Amino acid sequence: MSLANSHEETHKVDDALDPVTDSTPLLKINAQAIAIAHTVCSSSAFLVALIIGYSLHFHKIVTNEYYGYPDEWFPSVSATIGDRYPERSIFQILIALTSGPRFLLLFFNYIRLYQPNSKWPKIGFFSGLIRTVTCGGWVYITSGDDHDWHDIFMIAYIILTIPWDLSNIILSKENSNLKKYRKITCYSFFGTLFPLIYLFIQHKVHHVPGSYSYYAYCEWGLIILDIAFDAWSIIDFKDLYVEIRPSISNDDFFSIHLLDKSDSNSIIDEKENYEGADNDNEISAENLIPKRNLEFNSSYIQIAINIINSYMFWSIFTSLFLCIWYFPLWFMGISGYELVIVSSLSPIFLLNGKFKSYALNNPSQLRLVSCLLGIGCFIIPDPTYRLFFISAGNAFAFISLSTEIALIGSTDSVADIRSYSTTFMLGLTLSSLSKYAYWTNNPVWPILNDQTGGLNKIGLFVGLLSAYYTHIPSNLLKFSKKNLEKLNDSKVEKTKNANSTFVSALGLGSFFFTLLAMLTDSSTMILWTWDGYPVRGPTPVPHGAITLTIMGVGIYSGYYNSKFSKFITILGVIGSIILYSFHGWLGYFGAILYTFWLSYISPICFEQAAYQYNNISKFMFASFSITTILTLMHVWVVAYAFVPGGPLLRERTDIVLGLSTFAIALLIFKSPNDYKSEKITSTNDNKDDKNDDVFYSSKSLKNLSAFGNFIISFLLLSYLISFNRFQYTVPKPYHPNSRLVTAGIWTIHFGLDNDMWASEYRMRDLIRDAELDIVGLLESDTERIIMGNRDLTERLAEELNMYADYGPGPNKHTWGAALLSKFPILNSTHHLLPSPVGELAPAIHATLDMYGVMVDVVVFHSGQEEDEEDRRLQSLELQKIMGSSDRPMILLSYLVTTPLEGNYNTYVSEKSGMHDIDSSDDDRWCEYILYKNLKRTGYARISRGSITDTELQVGKFVVPVDTYTGGYSTVKVPEVWINKDKRFPSIFNGDGVRDHRYHVFDEPRYYIY
């Protein structure tokens, strides 16, 4: 037996296309029959099982672990096909019959969609093959047999559906209905996963009646869509035939021929276009399948590589400031380590001819070094050395970026420039998406490791792999010293399309700063609009997905057509004003306009940078100098009390935001709507120099579909993350039977521990082990460039199942005060207390529903020690806030005062009505817990370990049923007198756990009431 399209056999083209000259076929089958058989067998297997199950065992198959009929009325797939006889047996017989058509479908799909020099046919074939095996796994191993293996095979099947669907879509004919149908079916399939997950949580976690039936609808919908996706092969195979005919060879009785009629005429008419055809018009049988455009398919890989490279760039760049911040944080002022910020100015080294030549000829090596130093430095325990390695990685990252812009700029394709800018922005989106998934921490940051939830090793591997395969298109294939001299001596004939170098550098530098400040985390602008409870605007989850969606839509729109850039810029400027001026949904509407604008204009910013490719070192040095200056200004607005010249920019976010927005707008309004040719005239009079004409007009959008697919994938991921992170369980206090409230105050030092590692994991564990129902967190505003644009409250609140009030947002210029609570927060007001000289003092005044009683909680951070008048004025204002309410109240505070002296007597006074939780504790200076109209039962101090420089102070109170009429006794009692439900956890006794133990008193204090 022989195959007509084997690698060994060749035929005359005319004979191959007219087999009748050989013999009459014994059997001729349209390949559609295979696709039809697969569709009929697979769909009938599920349909017959459903019908029989409904008829024989309806009440049994709709019953789940919580409910039965009538609360549940529709069976899940697994209950239908695996739980009962005879439907299980009939299903398995029919699904076994599907296997033959299934394997033939894989084979003919590979033949029909095959493209030489493309990996996608093989990816599709092998993923489809393994996927078929996993299907057998969850079909024949039911959930009743082995629940774990059933789920493993099912999850593997869904994961393998991604490369299977993707390869079929990519290889389908461009602009065909078939491609469109496959896309719609694929997107519908994965889109159905989101309500599926939500309904499963409603069933499994909340035990909502009927949710499992709705879940079953989605599950059956996935089955229908999965079968439908493969059923589109019926259309694809309409011109593909299998023929069995007598063999003309003495060695074989018959031969099998694959005939693709849709391509036969083109093969006859254009046989000279096939590789392998000789002068006698012979062609190997494998080339009977026509060639297709490979550029689109291969671009997916390079686009993915560029996106990953950009992701690594942003990961390194953002981590630099976060790690710099560690040092002034501990020095309480300028430390000297801030100088490493100049590593972003490294493109100046490209002025050296030899280094520039090396850089332009080896862009992948620059990426490798940058990734190795900037991502791989997580293995270095010492903070100082780790910072230096990060700085070196950042320097190479900026050199690499500048080099690649120069290489792109040397092409004659605007599509290349726009594509590069788009992948750069998609890398930023991926960075923000990864932070959305990891509670605002980038999983490859060097402040993370295996113990703190980092994925550094995976990130390093992926980054190095991507860097190795980096390819940047260029018309100048070899950059010798002579070529570089020609480039440096060339003169640009300016046209109306070219901005001045100053305007371009100012705009590009401002653009990078704005991306860094606003779009590296999806929560940043949401927290700009946050003003407390009740919620009157967006929250980081789930609305962070909306920010990511706007980024994706803006990036896609900007690549598709940037001719509306000036109009969009006007909207973006208006959006920045609204964002700065308003809170809630109106402020977030401004953020949406602002985000869309920044995402939309990226191609124009990169095009203007591309004009400067022959002078890239000076241009990028100037641009990133602007970025650095604006970043320092961004720091100065809140750190004014600790930096030289700080008062000049005190609380002037309006200046920073206004300058950056104006500079970007200036670049856009000075730029053309269309990118047109610019003539490079060399001082060399050689007319044959092929490098004279470098820029040419181009409006190709051949990568548009690829970018759309990546963006849709990112957005689907963001929605899946939202479903996963959303808090479905109502928080509950630890000891409701005793009406007990355990309250804590902790200065968390911006979530960086003593050794420059992220401390959220250990903070979470300590708060959980201490059984805190409410906790005030100070030095918690981390949604700034120098803190990495993070939100520490998100992970803590979600994993501890608590409500969270972030406190005054990042546009309020404080170091932060946050509140976490197991009790519902009915209302909260944010205050900025008087601070005429020093740092701003934030406060949260919240009203909580504690066991049906409204209790006020105030979280407060006083100004620094040096500014005595500030602290006096703040104490008077806080006294007024506390005295304004007669409700029970707890103050969780940082007061900077000696017990029983000075401002202490303003806080603890008749006007405030507040009492000290333990006035005999004279070993305090910063943290204090005050209270009124509550029954105090205990007080403890728990050592911090290496998490921060401040301990955790904890107080226990009982909420009275009626108005509190008891006194404030200072009589201490032994622990044995206290009901076990009201005692402090014994885990911290003695040496404690994880370096946390009761200290100062060496044990908790308990009081009679």
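Here, each number is a calculation from the coordinates, and none is a lab measurement. Fair warning: this is a prediction, and the values are worked out from it, not measured in the lab. Positions of Cβ are generated from backbone atoms using ideal geometry, with glycine treated the same way; all protein chains shown enter the neighbour counts.
Counted by neighbouring Cβ atoms within 10 Å, the residues 218, 377 run from fewest to most as 218, 377. Cross-link check: pairs 183/238; 356/670; 935/972; 183/566; 180/563; 122/180 evaluated at a Cα-Cα cut-off of 25 Å; pairs beyond the cut-off: 356/670; 183/566; 180/563.
With r defined as the distance between the Cβ atoms of residue 73 and residue 174 and R0 fixed at 45 Å, what FRET efficiency is calculated, to the nearest 0.05?
So, using R0 = 45 Å, E works out to roughly 0.50.
Once the chain from residue 93 to residue 380 is taken as fully extended at 0.36 nm per residue, the excess over their C-alpha distance is 97.5 nm.
What's the extension gain from residue 734 to residue 536 if we count 0.36 nm per residue and subtract their Cα-Cα distance?
So the extension gain works out to 68.4 nm.
For region 881-908, the residues whose backbone nitrogen is under 19 Å from a point 7 Å from the Cα of residue 925, taken along Cα to Cβ, are 893-905. Applied to region 721-726, the Karplus parametrisation 6.51 cos²θ - 1.76 cosθ + 1.60 on θ = phi - 60° returns per-residue 3J(HN,Hα) values of 5, 4, 4, 5, 8, 4 Hz, with x for Gly and Pro.
Among 215, 998, 110, 469, rank each residue by its count of other Cβ atoms within 10 Å, from fewest to most, as a rough exposure measure.
Going from sparsest to densest Cβ surroundings: 469, 110, 998, 215.
In plain terms, the chain from residue 979 to residue 946 could stretch by 8.6 nm, reckoned as 0.36 nm per residue minus the Cα-Cα distance.
First measure r as the distance between the Cβ atoms of residue 352 and residue 716, then evaluate 1/(1 + (r/R0)^6) with R0 = 30 Å and state the FRET efficiency to the nearest 0.05.
On the way: r = 46 Å, r/R0 = 1.53.
Result of the calculation: an efficiency of 0.05.
Using R0 = 41 Å, the C-beta based FRET efficiency linking residue 208 and residue 999 works out to 0.35. Residues 972, 732, arranged from fewest to most other Cβ atoms within 10 angstrom of their Cβ, appear as 732, 972.
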